[in-house]
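To start, the structure under review is shown below, and the notes come after it.
The values are calculated or read from the model by the stated rules, or taken from the named source; none is laboratory data. Remember, it's a predicted structure, so these values are computed and weren't measured experimentally. Reconstructed Cβ throughout: ideal geometry from the backbone, glycine too, with neighbour counts over all protein chains shown. Surface areas here come from the heavy atoms of the whole protein model, side chains and all, with no ligands, DNA or RNA. Shrake-Rupley method; radii C 1.70, N 1.55, O 1.52, S 1.80 Å.
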Amino acid sequence: MLLLARWRGVGALKTLIDLTLISVAACWTWLVSFSQLPHPGNPLPYLLVVVAVRMLLYRAFRLDLISWMNVSRHDVLWIGVSAILGMPLIMLALLFLPDPFTVKDLARPLFILLTEPALYSLLLCAARITARAACSTGRGTHRVLLVGAGDAGHAIAFQIQESQGDYDIVGFVDDANYKQGRRYRGLPVLGKINDILKITENRKVDEIIIAIPSLPPDELRHVLQACEQTGLPLRILPPLRHLISRKADLQTLREVRMEDLLPRPEVILDHAALTSYLGGETVLVTGGGGSIGGELCRQVLAAGAARLLILGRGENSVFEMEQELKELKSDCQIIPVICDVRDRNALERVFQKHNINVVFHAAAHKHVPLMEKYPCEAVKNNVIGTLNLVELAVQYKVAHFVMVSTDKAVEPTNVMGATKRIGELIVKGFATEHNTNMVCVRFGNVLGSRGSVVLTMRRQIQRGLPVTVTDPDMVRYFMTIPEAVQLILQAGSIGGCGAVFVLDMGHPVRILDLAHDLIRLSGLVPNQDIPINIIGRRPGEKVKEDILSSAESQYAEKTGPFFMAHAKAVELPDLLRQTEDLCRAAEDGKDQLVVNLIRDLIPEFLPDANPAFVTQAMAPQLPKEFSNGKLDTPCEC
């Protein structure tokens, strides 16, 4: 009841103020229109008519219900409409007033039609805008600098100004020359991105908010580096569509997009041209429940395949992918297949039952440290599984075969990379021997794939734990899941006899820089909000990966954003003999023998089982922030 009484009291006060302003506008109009007559007479009849008409429209348009604290251009529009509609009503009423208030006796009757509505609109709008400005003027103690004076910056400035929080915006920074020195929403543009450090010091800024959600990754990095020099808390706001749909507010950080972490623009190709060969075909995707395999299944479905076989060893991931694809209401027949690629008999039954035209082989063991501990398992999955599929693809005359490999297969120093290199040789050997369309695609690190370095770091950041990096000098090539799938589809459409396709991924990224970027993009300050710990290189890890070997680089062909390398010839009988010995040793669980046989099969394989880990004695050589905090699971690189 108290709140209701208070609300009614405020409403009555606003109505009283508006009534006063309407009367002032009417008095002023009388003064300029009638007071110059020889006998102006009593102004009261005229004032009563104007006030009565205006109050009638005031109630009809419910102008008393407009919130002065949140007045907008739409509210101003309704005031303008009421002002215009009041003109003919007032003129009509004046026809019935006694002289000298009749319109016919006025020297300038149109002056009333212009003066009174203009004053009415001006006074009522001014009262509301003044009240809103007085209540929303920043007086908070938390001083904020906005980066970006575009639409997003204006929207965020509005939200902060209208909120009752403790924020006070000091101004904008923006690199656009025409914006320098101008004011937006009453806030000045104080300079450019490179001036951020000086501005924050001079204006005693407490926090920086980046309000340019559409900024390209390379420009975003430039902004982040400029902001990080200040040592201030940093936040990145979500896209405006999220603000409009109320999916985000000032307390919500924009979700980090994978493409933000690339050192280059994301590669986007013509999907229809890449997938034309899939229309009406039966397609088998191994590892169909994984990150890459799952995206492949989605693209195959979109390409109009007749039947899609989702093959995987884990029933949960296959089931979930099947359910997801069925919800898309496609004409494609979706067939889940629970099968281990190492089981030749079960795999052959799949080929016998279905007339498979295209095979995308994405099933593999991929984690370097784990495969160093279990080399026999790496051989079983990555070598035996690939051999089974390739042999069956040749036997059942599959038209397109694409195997997913990795940059770790180039001059490998770990078991996982070496087994993938053997898989590449198997594809090359069979493709050459049988003149079959079989190719390999070689990935860098796939951002956002299951178990990837980014997901590990994000989990650490979300839990407030230090981000772990194995080596401060370690660099990797990166690509997104859509790019990885485009590479597979491109390779399948072009085809070849054992060729290796590699995406031009630009220059490699330091994992330490990636950790900094990911922390900044999460709205936090590296080594202030989230520490970074250097934990030492793990078994099998290289400091730098290569996407092509020295021999491949000499003959690699550049096709758009891709390289196509033709591997050297493979003597298939010799390869199969060595592979048979390797597979037998793996089945027998002889780890050391497996490593020795891999070395015989891949002469460039240089096992690195005992890298130099960072020790306490080495810690003083590293920055302080690298040795503080609790360790979490190290990142998979």
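Taking the stretch 566-575 as the range and being surrounded by 15 or more Cβ atoms within 10 Å (Cβ to Cβ) and more than 45 Å from the chain's Cα centre (by Cα) as the test, only Leu572 passes.
One line per residue, one yes/no per condition, for (1) in a loop (DSSP other than H, G, I, E, B); (2) crowded, with 18+ Cβ neighbours inside 10 Å:
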{"site": "Val170", "(1), (2)": "no, yes"}
{"site": "Gly181", "(1), (2)": "yes, no"}
{"site": "Pro188", "(1), (2)": "no, no"}
{"site": "Asn194", "(1), (2)": "no, no"}
{"site": "Leu197", "(1), (2)": "no, no"}
{"site": "Thr200", "(1), (2)": "no, yes"}
{"site": "Val205", "(1), (2)": "yes, yes"}
{"site": "Ile209", "(1), (2)": "no, yes"}
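A search for C-beta distances below 8 Å between a residue of the stretch 536-547 that is open to solvent by less than 10 Å² (accessible area, probe 1.4 Å) and any residue that is acidic (Asp, Glu) and not in a loop (DSSP other than H, G, I, E, B), counting only pairs 6+ apart in sequence or on different chains, returns Gly540/Glu372; Glu545/Asp407. The residue pairs whose first member lies in the stretch 384-398 and is farther than 11 Å from His361 by Cβ, whose second member is among the charged types (D, E, K, R) and buried (at least 16 other Cβ atoms within 10 Å of the Cβ), and whose beta carbons are closer than 6 Å, counting only pairs six or more residues apart or on different chains, are Ile384/Arg342. Return the residues of the stretch 436-478 that are of a type in the set (Gly, Ala, Ser) and under 23 Å from Gly289 (Cβ atoms); say none if nothing qualifies. Within the stretch 436-478, Gly444, Gly448, Ser449, Gly451, Ser452 qualify. Pairing residues of the stretch 509-535 that are closer than 19 Å to Val446 by Cβ with residues that are part of a loop (DSSP other than H, G, I, E, B) and open to solvent by 30 Å² or more (accessible area, probe 1.4 Å), at Cβ distances under 6 Å and at least 6 apart in sequence or on separate chains, gives Val509/Pro263. A single entry from Thr413, Thr386, Thr419 fulfils the requirement of being of a type in the set (Val, Ile, Thr) and in a loop (DSSP other than H, G, I, E, B): Thr413.
In the stretch 353-393, of all residues being under 35 Å from the mean Cα position of the chain (by Cα) and among the charged types (D, E, K, R), the one that is farthest from Cys583 (Cα to Cα) corresponds to Lys366. Tallying residues that are open to solvent by less than 60 Å² (accessible area, probe 1.4 Å) and either of a type in the set (Phe, Trp, Tyr) or at pLDDT below 75 (or both) within the stretch 135-158 yields 3.
Residue-wise test of (1) within 30 Å of Asn357 (Cβ to Cβ); (2) open to solvent by 10 Å² or more (accessible area, probe 1.4 Å).
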residue	(1), (2)
Leu387	yes, yes
Leu392	yes, no
Val402	yes, no
Thr413	no, yes
His434	yes, yes
Leu447	no, no
Val453	no, no
Met457	no, no
Thr468	no, no
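Name the single residue, out of those in the stretch 302-312 being surrounded by fewer than 21 Cβ atoms within 10 Å (Cβ to Cβ) and modelled with pLDDT under 90, that is farthest from Leu392 (Cα to Cα). So the residue we want is Ala302.
Looking at this structure, is Ala431 of a type in the set (Gly, Ala, Ser) and at pLDDT below 90? So Ala431 does not fit the description; no. Select from the stretch 486-506 the residues that are part of a helix (DSSP H, G or I) and aliphatic (A, V, I, L, M) and write down the one among them that is farthest from the chain's Cα centre (by Cα). Among them, the one singled out is Ile494.
The single condition from (1) of a type outside the set (Gly, Ala, Ser); (2) open to solvent by 40 Å² or more (accessible area, probe 1.4 Å); (3) farther than 27 Å from Gln395 by Cα; (4) touching a residue at least 40 places away in the same chain (Cβ under 8 Å) that Glu324 fails is (4).
A search for C-beta distances below 8 Å between a residue of the stretch 275-300 that is free of Cβ contacts under 8 Å to residues at least 40 places away in the same chain and any residue that is among the small types (Gly, Ala, Ser) and surrounded by 24 or more Cβ atoms within 10 Å (Cβ to Cβ), counting only pairs 6+ apart in sequence or on different chains, returns Gly279/Ala305; Gly280/Ala305; Gly289/Gly312; Gly294/Gly288; Cys297/Gly288.
Quick check on my filter: what residues within the stretch 308-328 are farther than 26 Å from Asn445 by Cβ and part of a strand (DSSP E or B)? Those that are farther than 26 Å from Asn445 by Cβ and part of a strand (DSSP E or B): Leu308, Leu309. The residues listed here are Ala305, Ala378, Ala364; of these, the one that is among the small types (Gly, Ala, Ser) and assigned to a helix (DSSP H, G or I) is Ala378.
Output yes when any residue across the stretch 330-342 is hydroxyl-bearing (Ser, Thr, Tyr) and not in a helix (DSSP H, G or I), and no when none is. Yes, the stretch 330-342 contains a residue that is hydroxyl-bearing (Ser, Thr, Tyr) and not in a helix (DSSP H, G or I).
The single residue among Phe626, Phe613 that is at pLDDT below 80, farther than 27 Å from Ala484 by Cβ and open to solvent by 70 Å² or more (accessible area, probe 1.4 Å) turns out to be Phe613. Among the residues of the stretch 422-447, those identified as in contact with a strand residue (DSSP E or B) (Cβ under 7 Å, 6 or more places away or on another chain) and in a helix (DSSP H, G or I) are Gly423, Glu424, Val427, Lys428, Phe430, Ala431, Thr432. Among the residues of the stretch 474-485, is any buried (at least 21 other Cβ atoms within 10 Å of the Cβ) and over 26 Å from the mean Cα position of the chain (by Cα)? Checked against the condition, which is being buried (at least 21 other Cβ atoms within 10 Å of the Cβ) and over 26 Å from the mean Cα position of the chain (by Cα), the stretch 474-485 yields no hits at all.
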